[in-house]
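One structure is given here, and the rest of the page talks about it.
Nothing in this text is a laboratory measurement; each read-out follows from the coordinates by a stated rule. Remember, it's a predicted structure, so these values are computed and weren't measured experimentally. Cβ placement follows ideal geometry from the backbone for every residue including glycine, while neighbour counts extend to all protein chains displayed.
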Amino acid sequence: MNSKVLVSRSVFPEVIEHLAAHFELDYNDQDAPLPPAQLATRLTGKQGALTMISDRIDATVLAGAPDLKAVCNVAVGYNNFDIEALTSAGVMATNTPGVLDDTTADIAWALLLSSARHIVAADKWVRAGQWKGWKFNDKWLGDDVHHATLGILGMGRIGQTVARRAAGFEMRVIYHNRTRLPAADERSCNAEWASKEVLLSEADFVVLMLPYSPATHHVIGKTELALMKPTAHLINVARGGIVDDSALIEALRQKRITGAGLDVFENEPALDAGYFELDNVVLTPHIGSSSRATRLAMAMLAADNLIAALSGQRPPNLINPQAIRA
Ligand code: GLV
C-alpha cells in the first residue's frame, strides 16, 4: 500500500504529478498555510509531508502524528522545524540546499544596487510627477558599488555565491563566518576573513547570509549598527529575527546608516510599520528564491527527499541523521 503524504500548500502541478506516482496524496491546493490545528489534523495518519517555511512542526504537532517518518521542507532554511522534537520522535527532516543559491544571491545584489542608487524611491518620485527637470547635483546622488567594500556575514553556499558576483564590480570582499573557509575557497571568492567588528566597521555594504537560530537572534542590533559607517547599507535576504527591526528602523530614521535592502523581517508579514515611513529602505516580501525555475527545482528536490525517505533510503538532504537511529 502506498504511503500517505500531506502536501501542506499549493505547489506546481509537475511536483504533484511526481509525488502522486509514489504516494496517496492529501493536497492543500491553496497557496495559504493551513492553520496550526488543521495542519495537525491533516498530519494524523500520514507517513510524510512536503512542508513550507510557514508550517511549524513541533512536539505538539508530532504528538498527533505517530506514523510520521519524514517532513521535507521546500526551503533551505528550516527554523520552522523543532529539530530536537523531530529527532526524538524519529522523524527525518530535510531541506533544499544548493538549488536556490544563484537566485538568492541575485536578489541580494538587486537590493544592494537598489539601496545604493535609490532605485525604488526614485521610481515612486517619477510616477508621482515630481520630476520637473534634469539636475546635476540632485537628491538622488547615491553611493558607488564598484570598488567599494562588501562585507558578508555568514559565508555558506549563498554567501560565497554573493561574493563571487562582486568580482564584476571590482570590490574588496571581506567575510565573517564561525569557521574560516579553506584557502582555496577564499581565493575562488576573492574574499578575506575578518572579525565581525572589523567587517561591520569597514564594509560599505553588509550582506547578511546567516541561518536563523537562537544563536543568531538579533545578531545585528543597536551595538552592531553603531559600528557601521554612516555611509553604509545593510542587506538582509537570510531570515527575519537576525536583525533587531526596531534598532534598524531607529538607525535608518536617524541616518546612523544610509540605507537598507530587506527581504525578510521579524513577524513577517506583519512588519514593524516604522519601515513604511522611511524612504531609505527597500522592502520585498521574502522573494529571495522566487524565480519559477528555482521554486520548481526546490519543490522537486523536496519531493525527491520525501520519495527517498519513505522508500527506506537516506534522503539526500537529511538534516537530522540521528532520527534514523532514534
Ligand atoms: C527561503 O527562505 C528558504 O529558506 O529557502
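For the pair Arg180 and Leu278, label points projected 7 Å from Cα toward Cβ lie 3.4 nm apart. Taken over the chain, the convex hull of the Cα atoms encloses 151 Å³ per residue.
How do the peptides 233-245, 5-17 rank, highest first, by the average count of neighbouring beta carbon atoms within 10 Å per residue? Walk me through the numbers on the way to the answer.
Values: 233-245: 24.8, 5-17: 18.7.
Result, highest mean Cβ count within 10 Å first: 233-245, 5-17.
Which length gain, in nm to one decimal place, applies between His147 and Glu192 when the Cα-Cα distance is subtracted from 0.36 nm times their residue separation?
On the way: separation 45, 0.36 × 45 = 16.20 nm, distance 1.53 nm.
So the chain would gain 14.7 nm between His147 and Glu192.
With 0.36 nm allotted per residue and the present C-alpha distance subtracted, the Ser10-Asp123 stretch has 37.4 nm of extension available. Could you tell me which trypsin sites (Lys or Arg not before Pro) in the range 131-201 are loop residues by DSSP with no more than 14 other beta carbons within 10 angstrom of their beta carbon? Sites meeting the loop and neighbour criteria: Lys132, Lys135, Lys139, Arg178, Arg180. Each residue, Lys135 and Ser54, gets one label point 7 Å from its Cα in the Cβ direction; the gap between the two is 4.2 nm. Here the calculated FRET efficiency for Glu84 and Asn267, from their Cβ-Cβ distance with R0 = 22 Å, stands at 0.40, rounded to the nearest 0.05. Here the extension length gained between Asp67 and Ser291 equals 77.2 nm, from 0.36 nm per residue of separation less the Cα-Cα distance.
Computed from point charges on the beta carbon alone (+1 for Lys and Arg, -1 for Asp and Glu), the dipole magnitude for the range 1-62 about its Cα centre is near 240 Debye. Here is the list for the range 166-234: GluC sites (Glu not before Pro) lying in DSSP coil, each with at most 16 other C-beta atoms within 10 angstrom of its C-beta, are Glu170.
Stokes-Einstein at 25 °C, 0.890 mPa s, Kirkwood radius from Cα pairs: D for the range 101-283 in µm² s⁻¹? Could you put the intermediate results ahead of the total?
Values: Rh = 16.6 Å.
Answer, rounded: 147 µm²/s.
Taking a point 7 Å from the Cα of Gln30 along the Cα-to-Cβ direction, the residues of the range 36-63 with backbone N closer than 14 Å to it are 36-40, 42. When only Cα pairs below 8 angstrom with a gap of at least 6 residues are kept, the chain shows a relative contact order of 19 percent. Placing +1 on each Lys and Arg Cβ and -1 on each Asp and Glu Cβ, with no other charges, gives the range 1-140 a dipole about its Cα centre of roughly 760 debye.
Quick one: how many lysine pairs does the chain have with C-alpha atoms less than 16 Å apart and a gap of 8 or more or different chains? Give me the count, please. The result is 10.
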